[in-house]
1. Against the definition (within 22 Å of residue 290 (Cβ to Cβ) and outside the structural domain of residue 427 (by TED's automatic domain parsing)), how does residue 231 come out, yes or no?
2. Of the residues that make up the range 177-190, is at least one out of contact with any strand residue (DSSP E or B) (no Cβ under 6 Å at 6 or more places or on another chain), surrounded by fewer than 17 Cβ atoms within 10 Å (Cβ to Cβ) and more than 20 Å from residue 248 (Cβ to Cβ)?
3. Do the conditions hold for residue 424, that is, is it touching a residue at least 24 places away in the same chain (Cβ under 8 Å), touching a helix residue (DSSP H, G or I) at 6+ places or on another chain (Cβ under 6 Å) and within 21 Å of residue 315 (Cβ to Cβ)?
4. Here are 40, 21: which of them is crowded, with 20+ Cβ neighbours inside 10 Å, more than 20 Å from residue 287 (Cα to Cα) and free of Cβ contacts under 8 Å to residues at least 24 places away in the same chain?
5. Evaluate the following for residue 263: is it within 16 Å of the ligand (Cβ to nearest atom) and closer than 19 Å to residue 174 by Cα?
6. Among the residues of the range 1-26, write down those that are in a strand (DSSP E or B) and out of contact with any helix residue (DSSP H, G or I) (no Cβ under 9 Å at 6 or more places or on another chain).
7. How about the range 447-461: which of its residues are touching a residue at least 60 places away in the same chain (Cβ under 8 Å) and buried (at least 20 other Cβ atoms within 10 Å of the Cβ)?
8. Could you pull out every one of the strands (runs of 3 or more DSSP E) wholly within the range 305-362 that has 2 or more residues that are touching a strand residue (DSSP E or B) at 6+ places or on another chain (Cβ under 6 Å) and buried (at least 18 other Cβ atoms within 10 Å of the Cβ)?
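The values are calculated or read from the model by the stated rules, or taken from the named source; none is laboratory data. What you see is a predicted model, and the numbers here were worked out from it, not measured in a lab. Counting neighbours? That spans all protein chains shown, and the Cβs are built from the backbone with ideal geometry, glycine included.
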Ligand code: FRU
């Protein structure tokens, strides 16, 4: 395969070579962000699942590190999380040197103690601040009886009111999240199942569950809980994607607020992302402030092993920060690029344009210097027309990724059918559509463009769309357009984020 350096992202983590899927156990400690991930150290497709490792001072510039938790004969290493046990409750460290523990899934094969294919939760201790992890002697620490074959993806949070840890895991093919508690990270007691009626399909897998407390409208006295679950396939944009539920957690049980009726359209459920390339979202543990930051695998199981990049395959999304906003009783998870990204982007002043009126049928072309871009625009329609922009556009105008908003139907569309190379999978070249209510007849779009991706945050983070694209190297320009009615492009900001 040719080297495809033109698609090596500038702002998103990629391994130097080989396959990568889910982010695992991200955390912050002593000024360094750590990111682990499912990798195949030997190949360009999924297999030999191990935990690769990268570190960063700022969540944007990553340094690849040696594999931290390798697969060994008969033991593959699936996804999980890392806990900084600052009070040494596990007893595996000392008060002066608190232990750093990985909680992950071991997949057993050829081991007389476990039927082949058993998936069970294990613990590993890092002797060197996260550079490597050594599996605990008593592994696995949690097995499901009588059948532990699809039991995986432990994610652990400290539940302060009860002074214990809560682990969320799944039985993937039963589409159930199982909650456990522990005071030492080694012994786990069952708490409850989360298995809401709702959007299910035979054969759908539930993976990578996460439980996150968030203040509603910034009010620390009104804590709500968000359950995030990755589902594959049949997600909103096709293939794999991430669902979320907002509700309450009482220390034992998560109870979601008003779920749609059984059999409702998938669009009636809550999706973390309406694009195709966001899966296995996970939270950074031990962040220096209380703000939850998420990172996801920027890919889709529907075509992940066909992506045309080389010598690596797989990349992460930007880290995003989360908040909860209520509006007339409806609560929405808001996602925006993490503060570390905003800080970085602000160091690239870019160009600001004052309001410009686009007549119906008019367009406004802007040349960009690089393919790494930050774009923010406010659009206001004088009627019920459509408006939007074409990104990563070629000089002849034939290639481009089109984002369009319909002020009559309130549908936002991301069309990557002409975004560049698309033919490697028939599942790739689709149009992604989502409902977005305007605010005062206005929508705002914040878009981060990288060498092979578009990340869109609409209306202050109410809606997110993440899509990979594979354009030609020099397709850098953008065009704003209006059709059907005049549109006001207010406060357009564009910045090149790389030379
Ligand atoms: C999600 C997933 C997880 C599993 C891992 C294996 O993409 O299937 O459920 O732990 O990938 O690589």
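1. no
2. Yes, the range 177-190 contains at least one residue that is out of contact with any strand residue (DSSP E or B) (no Cβ under 6 Å at 6 or more places or on another chain), surrounded by fewer than 17 Cβ atoms within 10 Å (Cβ to Cβ) and more than 20 Å from residue 248 (Cβ to Cβ).
3. Considered against the rule, which asks whether it is touching a residue at least 24 places away in the same chain (Cβ under 8 Å), touching a helix residue (DSSP H, G or I) at 6+ places or on another chain (Cβ under 6 Å) and within 21 Å of residue 315 (Cβ to Cβ), residue 424 comes out as yes.
4. Selected residue: 40, the only one of 40, 21 that is crowded, with 20+ Cβ neighbours inside 10 Å, more than 20 Å from residue 287 (Cα to Cα) and free of Cβ contacts under 8 Å to residues at least 24 places away in the same chain.
5. No; evaluated as a whole, the condition is false for this residue.
6. 18, 20, 22, 23, 24, 25, 26, listed by residue number.
7. Scanning the range 447-461 gives 447, 448, 449, 450, 451, 452, 453, 454, 455, 456, 457, 461.
8. 320-327, 330-337
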